[in-house]
Every structure is written in structure tokens, then in C-alpha cells.
Amino acid sequence: MVETKYLVYDADCGFCRRCAEWCRSRLIGDVIVVSGADFLLRSNRLSATEVAASVWWVESSAKYGGAAAVAQTLAATKTPWRHVGQFMKWGPIAWIAEPLYRVVVRFRHRLPGGAACHDVSTW
């Protein structure tokens, strides 16, 4: 039996939607790219607070948020991005990736396609 994996993103954010679409076209295997709202209707694996706070990669045995979710997602894509995802999982890079992810989250409304994003700098 093939395990279904989910990439859960904020559909209210234009930048997040663009990133999710980019990933959807490159993912390999049985991965469902789904908005946070739709995922909350399908599953109780994440809370509404978790979905609002970051991107998520959800498997049957684990869930990853933030930079770890980005690393898992990239590792499930076609080469060369697969190698980037594997590199992001490496200890020293993983430690740096999460603070960088938080900077992107804070300023995502200023990134391409992000005009419709919520300004999360007050969270």
C-alpha cells in the first residue's frame, strides 16, 4: 500500500499558492497538495493554529512544519530540487533553515504574488 503524503499550505496567501503550484508540478509519488482549510476538513492531524502558522508536510507516521516541511517537500521532487531538500535536512543547515523560514513567513506579503497574504508580522 502506498502511503499518501500531504503538502498543506495557506491558500489565502498568493505567495504560498504560487509555491504550492510550483511544488505540485515537480512532486513525485502520491503527494496531495491541499489548502489548510481543506486539510482541516479531511483530517484532525493539525489544528487551525498550526495550519495558520506555517506550511506542513504530513505523512501517516509524522508531520513536519516550517523549514522541515519545505525540506521534506523538496526531497520529494524531481532532481535537482530533491538534492536541495536532502541538504536542508542536514543538521547545521536545518538549524539555519528554520530562522530563515520565519523571515520569509514574516515578509511573505512583500514577495512575488504575496500582495494578498496576511501580514503575519504581528503574530
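Confirm whether D38 is part of a helix (DSSP H, G or I) and surrounded by fewer than 18 Cβ atoms within 10 Å (Cβ to Cβ).
So D38 fits the description; yes.
Of the conditions (1) of a type in the set (A, V, I, L, M, F, W, C); (2) under 25 Å from V2 (Cα atoms); (3) in contact with a Ser or Thr (Cβ under 7 Å, 6 or more places away or on another chain); (4) in a helix (DSSP H, G or I), V105 satisfies every one except a single condition; which number is it?
The one condition V105 does not meet is (2).
Which residue pairs have Cβ atoms under 8 Å apart, sit 6 or more places apart or on different chains, and have a first residue in segment 48-62 that is within 16 Å of T73 (Cβ to Cβ) and a second that is among the acidic types (D, E) and surrounded by fewer than 19 Cβ atoms within 10 Å (Cβ to Cβ)?
W56/E50; E59/E3
Here is a yes/no grid of residues against (1) more than 15 Å from the chain's Cα centre (by Cα); (2) under 15 Å from G113 (Cβ atoms); (3) of a type in the set (V, I, T):
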| site | (1), (2), (3) |
| --- | --- |
| T4 | yes, no, yes |
| R17 | no, yes, no |
| E21 | no, yes, no |
| D30 | yes, no, no |
| F39 | no, no, no |
| A52 | no, no, no |
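If I filter segment 69-111 down to residues being of a type in the set (D, E, K, R) and under 18 Å from C23 (Cβ atoms), which single residue comes out as farthest from the chain's Cα centre (by Cα)?
Within segment 69-111, the match that is farthest from the chain's Cα centre (by Cα) is K78.
Within the bounds of segment 8-17, is there any residue that is part of a helix (DSSP H, G or I), of a type outside the set (S, T, N, Q) and surrounded by fewer than 17 Cβ atoms within 10 Å (Cβ to Cβ)? Walk me through it before giving the result.
Initial filter on segment 8-17 (part of a helix (DSSP H, G or I)): 14-17.
In the following step, the residues that additionally are of a type outside the set (S, T, N, Q) were identified as 14-17.
Now narrow it down to the ones that are surrounded by fewer than 17 Cβ atoms within 10 Å (Cβ to Cβ): none.
So far as segment 8-17 goes, no, none of its residues is part of a helix (DSSP H, G or I), of a type outside the set (S, T, N, Q) and surrounded by fewer than 17 Cβ atoms within 10 Å (Cβ to Cβ).
Would you mention how many residues in segment 41-85 are surrounded by fewer than 17 Cβ atoms within 10 Å (Cβ to Cβ), β-branched (V, I, T) and modelled with pLDDT of 95 or more?
1
Restricting attention to segment 105-123, and to residues there that are hydrophobic (A, V, I, L, M, F, W, C), buried (at least 16 other Cβ atoms within 10 Å of the Cβ) and at pLDDT 80 or above, which single residue is farthest from W56 (Cα to Cα)? Let's see the steps before the verdict.
Quick first cut of segment 105-123, residues hydrophobic (A, V, I, L, M, F, W, C) only: 105, 107, 111, 115-117, 120, 123.
In the following step, the residues that additionally are buried (at least 16 other Cβ atoms within 10 Å of the Cβ) were identified as 105, 111, 117, 120.
Subsequent filtering for residues that are at pLDDT 80 or above retains 105, 111.
Details: V105: 13, L111: 20 Å.
Result: L111.
If the requirement is being in a helix (DSSP H, G or I) and in contact with a helix residue (DSSP H, G or I) (Cβ under 6 Å, 6 or more places away or on another chain), which of these qualifies: V33, V51?
Values: V33 fails: in a helix (DSSP H, G or I).
Going through V33, V51 in turn, the sole match is V51.
The values are calculated or read from the model by the stated rules, or taken from the named source; none is laboratory data. Just so it is clear, the model here is predicted, and its values are computed rather than measured. Heads up, the Cβs are rebuilt from the backbone with ideal geometry, glycines too, and the neighbour counts pull from every protein chain shown.
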